[in-house]
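What follows is a short report on a single structure.
What follows is calculated from the coordinates using simple rules that are stated; it is not laboratory data. This structure is a prediction, so every number in the text was calculated from the model and none was measured. All Cβ positions, even for glycine, are placed from backbone atoms using ideal geometry, and neighbour counts span all protein chains on display.
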Amino acid sequence: MKFNKMKNILLPTDFSGNSKNAIQYALKFFEGENCTFHILNSQKPSGYITADVLYGAPGTSIYEGILNDNKKALENMVQFCESNSEKENFTFIPKLDFDNIVDAINQAVALNNIELIVMGSNGATGAAEVLFGSNTLKVIRNVDCPVLIVPEDYTFENIEAVLLSLNYQNEVSKESVSLITEIVKKNGASLKILEIEEEDIQLAAQTNQAERSFKGLNLEQYSIKNIPASVAINAFEQLIPVQLHAMIVERKSFLDRFIFGSETSKISYGSPIPLLVLHH
């Protein structure tokens with residue numbers, strides 16, 4: 001089965017090995033699909049480049065130097081993508097932006113009907129900015145579009161099982177159900193739902209919503225109570241092999257507890273597998 005609608009994919013890049021690896025993952029993830037990949041480099045000018053230089057005198061050497069370097073790097077990235085997907089029906093569109101990363105991505109999402117952003121994470125443990133990378137964290141919090149975060153140095157593995165972690169403060173949107181269902185069906189995968197009930201959260205009548213929403217899929221359901229989300233998910237991923245973790249969150253609540261751990265545990269989450277963040 002092919003994805004029904006997901007045709008415009010945004011690939012932000014800073015030309016690092018980390019972002020290049022995330023792009024390679026995206027090419028494998030969408031094999032067999034008709035996709036347009038928008039490759040975006042956004043570089044906020046450093047403080048020494050004044051607005052006058054940047055916008056008033058495009059012929060100046062500083063402006064031209066940055067522009068030409070980034071254009072060349074984007075061209076090289078497109079050539080790399082094309083050479084790694086010769087048998088695919090992929091189109092690559094490079095875009096250069098001098099805005100900050102969040103504004104540039106929000107604009108790209110709106111103008112190009114982007115349905116998924118694929119980015120790299122740093123894969124380290126510790127502060128959230130180190131864990132996900134400061135740009136990735138900003139995008140998760142400030143861009144209303146699904147984000148697929150690929151850990152540093154992660155190599156694509158066929159998706160045989162997808163983990164969906166839920167708490168029931170939020171209902172699962174139709175868009176999220178549709179995207180997860182398409183990924184599961186396309187890969188012939190099983191869907192493992194982990195229901196997390198933390199101390200201050202009551203599982204409501206929505207407990208059976210997931211079963212209804214994902215009816216017809218190869219579905220397994222698990223439930224964990226009174227354990228911080230980050231701890232529960234880390235343990236689950238170590239015990240049960242999955243190749244993709246999907247998570248439906250409100251940006252400022254569950255996501256923060258998930259990333260930073262609870263006030264008592266101070267344990268943060270470092271995903272060894274790609275993480276698909278879907279906003280409620």
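Figures for the structure shown
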read-out: Pairs of alpha carbons in the range 72-122 whose separation is greater than 18 Å (percent); value: 46
read-out: Protection-proxy order for peptides 83-92, 19-28, each taking the mean of Cβ atoms within 10 Å per residue, highest first; value: 19-28, 83-92
read-out: In order through the range 20-25: 3J(HN,Hα) via Karplus (6.51 cos²θ - 1.76 cosθ + 1.60), integer Hz, x for Gly, Pro; value: 5, 5, 5, 5, 4, 4
read-out: Cα-Cα over 31 Å, subset of Lys174/Lys225; Lys138/Lys174; Lys72/Lys185; Lys28/Lys215; Lys95/Lys215; value: Lys72/Lys185; Lys95/Lys215
